[in-house]
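Student: Sending over a structure as structure tokens; questions will come in a sec.
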């Protein structure tokens, strides 16, 4: 099996994972590469996929998916020096399953794989969607970073807007997003969910200023997000703060 990634895609893949966990289970299959990870508090789950169409080269001739346990820092070491037009090659031979082979800028690195059987498989949580919208990450990030140390913020969904609200004894922050601008769909009247801002930021770490992400939720329920970035397809779930 072999996958060659652009520097942009390789760096984004590493960044998405390292903000949530140190070890992940990478799965090769006929569609590309995927992994599903959770943060240490088990409050945020992220599904990351590199479709084969996003790879510079993709060779896969196995009949079944192949799981590989990897320490993400080992891959990050090979992406640090990558610049535009550089590539990272990832190879794995099922006949020699101990090693994952990485190559970039002429450097050849063998990484000892982790025991895949000891890495937990994470299931998608049940969701209940009563509202959905497409939100601009630039504005949402500005709000989240402004209240990053707060224990939670409020997502208030009304028919005419979504409001993000954070309050402490010393200050309050509000971001209002009009329904027409974000393609808001709502079943029923106003709905409220509380989320930890730091968890939201880590979940969405691969997004850029121009990213627009879809978000779905209900009242005090798991919030689901979905977006594409740098050749990756990502879906995230974040638990409400109760």
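Student: So how many residues does the stretch 7-38 have that are in contact with a strand residue (DSSP E or B) (Cβ under 8 Å, 6 or more places away or on another chain) and part of a loop (DSSP other than H, G, I, E, B)?
Tutor: So the answer is 4.
Student: Can you name the number of the only condition in (1) in contact with a strand residue (DSSP E or B) (Cβ under 9 Å, 6 or more places away or on another chain); (2) outside any loop (DSSP other than H, G, I, E, B); (3) at pLDDT below 95 that residue 198 fails?
Tutor: Among (1) in contact with a strand residue (DSSP E or B) (Cβ under 9 Å, 6 or more places away or on another chain); (2) outside any loop (DSSP other than H, G, I, E, B); (3) at pLDDT below 95, residue 198 violates only (1).
Student: Is it the case that residue 152 is more than 23 Å from residue 48 (Cβ to Cβ), in contact with a helix residue (DSSP H, G or I) (Cβ under 8 Å, 6 or more places away or on another chain) and either free of Cβ contacts under 8 Å to residues at least 60 places away in the same chain or not assigned by TED's automatic domain parsing to the domain that holds residue 32 (or both)?
Tutor: Criteria met by residue 152.
Student: Residue 208 fails exactly one of the following numbered conditions: (1) surrounded by fewer than 17 Cβ atoms within 10 Å (Cβ to Cβ); (2) farther than 30 Å from residue 14 by Cα. What is the number of that condition?
Tutor: Among (1) surrounded by fewer than 17 Cβ atoms within 10 Å (Cβ to Cβ); (2) farther than 30 Å from residue 14 by Cα, the lone unmet condition for residue 208 is (2).
Student: Ok, one more. When the stretch 102-116 is examined, which residues are found to be in contact with a strand residue (DSSP E or B) (Cβ under 7 Å, 6 or more places away or on another chain), in contact (Cβ under 8 Å) with a residue 12 or more places away in the chain and part of a strand (DSSP E or B)?
Tutor: Hits for the stretch 102-116 are 102, 103, 104, 109, 111, 112, 114.
Student: Shifting gears a bit: Could you say whether any residue in the stretch 66-86 is on the phi > 0 side of the Ramachandran plot and free of Cβ contacts under 8 Å to residues at least 60 places away in the same chain?
Tutor: Scanning the stretch 66-86, I find no residue that is on the phi > 0 side of the Ramachandran plot and free of Cβ contacts under 8 Å to residues at least 60 places away in the same chain, so the answer is no.
The values are calculated or read from the model by the stated rules, or taken from the named source; none is laboratory data. If you're wondering where the values come from, they're calculated on a predicted model, not measured in any experiment. Cβ sites come from the backbone with ideal geometry, for glycine too, and all protein chains shown count toward neighbours.
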